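One structure is given here, and the rest of the page talks about it.
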Amino acid sequence: GYTLFCQLRPFWVVPPKLTDRDTCACILHENINLKLSALKKAKILGFDNHQSGLQILCCNRYLEKCLLRQCNECSTKVLPYAEFDNSQDILVQQWIHGKETITDSKTKKERIISKYKKETTSMRPRDLIIQLQNDLQKLFQHEVNIVHQYNTIKSLKQSLTEKDVVIHMDFSENFSTKCNQEIQAYHFGGSRTQISMHTVVVYTKDSTTSHCTISLNLAHNVAAIWA
């Protein structure tokens, strides 16, 4: 039976856990990583993540001058592509945003919805490299924004006076509520209520305190993340 099947599981087969999942990743970072991974499998590049690429292209990937390509030492650096046969297609995955036609289960009418999905496409190595080079320009600006925001908030925290406070708020995941006793329609249907956890850190000159509030507002827009 199933119990014996679980008992005989080899030690090298590890059950998946929710904590092993990498969620809420940046789509720009992930799509670049997927392209780098495809080029690495084709032995055109020797790495498969954007962090390694930035370390090759910049003296210091945390300096705005290097990321803005204004550094005299690294502004002309390029990725070390190996020679390749452009007649051999490469399979590459990408997260894309598209439209899909579905049939409404209640009205039986078709409607168009927008959704993200990971697709696998085949392309020539040169075309993939051109796409990657275009993405690098967006990546540099994206990283500049991250570094600038980090340095700014760090400077504010370090220069607080008795009259100042920094409040950093971000939403957590939405959680579904459960009742001790539930009817079948509530348990399997769409009637279950959701709540969102809003985590807050308050910085003052002499202390740092953490807070968490429960909210029925499930919006995960710009207004839910601020400092």
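The values are calculated or read from the model by the stated rules, or taken from the named source; none is laboratory data. On a predicted model such as this, the values are computed, not experimentally measured, just so you know. Heads up, the Cβs are rebuilt from the backbone with ideal geometry, glycines too, and the neighbour counts pull from every protein chain shown.
Numbers below:
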read-out	value
Subset of the stretch 188-208 (residues that are closer than 11 Å to His168 by Cα and surrounded by fewer than 10 Cβ atoms within 10 Å (Cβ to Cβ))	none
The one condition in (1) farther than 22 Å from His220 by Cβ; (2) touching a helix residue (DSSP H, G or I) at 6+ places or on another chain (Cβ under 8 Å); (3) not aliphatic (A, V, I, L, M) that Phe171 fails to fulfil	(1)
Sole exception among (1) part of a strand (DSSP E or B); (2) touching a residue at least 12 places away in the same chain (Cβ under 8 Å) for Ile102, by number	(2)
Hits in the stretch 132-173 - residues which are under 18 Å from the mean Cα position of the chain (by Cα), assigned to a helix (DSSP H, G or I) and among the hydroxyl-bearing types (Ser, Thr, Tyr)	Tyr150
Subset of the stretch 70-88 (residues that are among the charged types (D, E, K, R) and surrounded by 14 or more Cβ atoms within 10 Å (Cβ to Cβ))	Lys77
Some residue of the stretch 13-21 being at pLDDT 85 or above, over 28 Å from Gln141 (Cα atoms) and not assigned by TED's automatic domain parsing to the domain that holds Asp89	yes
Residues satisfying the stated conditions in the stretch 174-187, i.e. among the small types (Gly, Ala, Ser) and either out of contact with any strand residue (DSSP E or B) (no Cβ under 9 Å at 6 or more places or on another chain) or over 17 Å from Leu216 (Cα atoms) (or both)	Ala185
Residue satisfying all of: in the stretch 34-45; out of contact with any strand residue (DSSP E or B) (no Cβ under 9 Å at 6 or more places or on another chain) and farther than 12 Å from Glu83 by Cα; surrounded by the fewest Cβ atoms within 10 Å (Cβ to Cβ) among these	Lys40
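This table checks each residue for (1) in contact with a helix residue (DSSP H, G or I) (Cβ under 6 Å, 6 or more places away or on another chain); (2) touching a residue at least 12 places away in the same chain (Cβ under 8 Å); (3) closer than 30 Å to Met123 by Cβ.
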{"position": "Asp22", "(1), (2), (3)": "no, no, yes"}
{"position": "Leu34", "(1), (2), (3)": "no, yes, yes"}
{"position": "Lys43", "(1), (2), (3)": "no, yes, yes"}
{"position": "Asn49", "(1), (2), (3)": "yes, yes, yes"}
{"position": "Gln55", "(1), (2), (3)": "no, no, yes"}
{"position": "Gln70", "(1), (2), (3)": "no, no, no"}
{"position": "Val78", "(1), (2), (3)": "no, yes, yes"}
{"position": "Glu83", "(1), (2), (3)": "no, no, yes"}
{"position": "Asn86", "(1), (2), (3)": "yes, yes, yes"}
